[in-house]
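Student: Below you'll find the structure I mean.
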C-alpha cells in the first residue's frame, strides 16, 4: 500500500473515545492482499490538555501479509509503541499501535 494513502487516511480518521466502541465512520477497514485490517485513531487526555494521539490497528489473515501490513504502517509512523499477536484460532491477528504526536514532531 502506498505511504501517502496510509498517512492520509489514518490521520484523517475521526477521533474515537478511549473505552467506547468506535462507530463505523471512525474505522478504516480494508482488505489488502491476504490481510484484512481495521485502524482507529484515539486521543488520550493528558494533564497538560494536549492529549496523546494514538493510531491502533488490528490485522488478520495470512501471517506474511499481516507482517507486511504492520511493516508498511511502521514505515510511515515509526516503530509501534506496542505490537502483539493474538494467538486464538481461528481469529489469529496482530495488534499494533503508534503514538502519532511523536511522528508529527519528527517532521
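The values are calculated or read from the model by the stated rules, or taken from the named source; none is laboratory data. Note that this is a predicted model, so its numbers are computed, not measured. Backbone-built Cβ (ideal geometry, glycine too); neighbour counts: all protein chains shown.
Student: Run residue 65 past the list (1) in contact with a strand residue (DSSP E or B) (Cβ under 7 Å, 6 or more places away or on another chain); (2) part of a helix (DSSP H, G or I); (3) closer than 20 Å to residue 99 by Cα; (4) modelled with pLDDT under 95 and report the number of the one that doesn't hold.
Tutor: The number of the failed condition is (3).
Student: Using the structure shown, decide if residue 6 is surrounded by 11 or more Cβ atoms within 10 Å (Cβ to Cβ), over 14 Å from residue 66 (Cβ atoms) and at pLDDT below 95. Walk me through how you get there before you give the answer.
Tutor: Working: surrounded by 11 or more Cβ atoms within 10 Å (Cβ to Cβ): yes; over 14 Å from residue 66 (Cβ atoms): yes; at pLDDT below 95: no.
For residue 6, the condition - surrounded by 11 or more Cβ atoms within 10 Å (Cβ to Cβ), over 14 Å from residue 66 (Cβ atoms) and at pLDDT below 95 - is not met.
Student: Same structure, new question: Evaluate segment 44-62: report whether one residue or more is assigned to a strand (DSSP E or B), at positive phi and buried (at least 16 other Cβ atoms within 10 Å of the Cβ).
Tutor: First pass over segment 44-62, keeping only residues assigned to a strand (DSSP E or B): 44, 52-61.
Narrowing the set further to residues that are at positive phi leaves 61.
With the extra rule that they be buried (at least 16 other Cβ atoms within 10 Å of the Cβ), the set shrinks to 61.
So far as segment 44-62 goes, yes, one or more of its residues are assigned to a strand (DSSP E or B), at positive phi and buried (at least 16 other Cβ atoms within 10 Å of the Cβ).
Student: Out of all the residues in segment 19-49, which are more than 14 Å from the chain's Cα centre (by Cα), over 18 Å from residue 92 (Cβ atoms) and in contact (Cβ under 8 Å) with a residue 24 or more places away in the chain?
Tutor: Passing the criteria: only 44.
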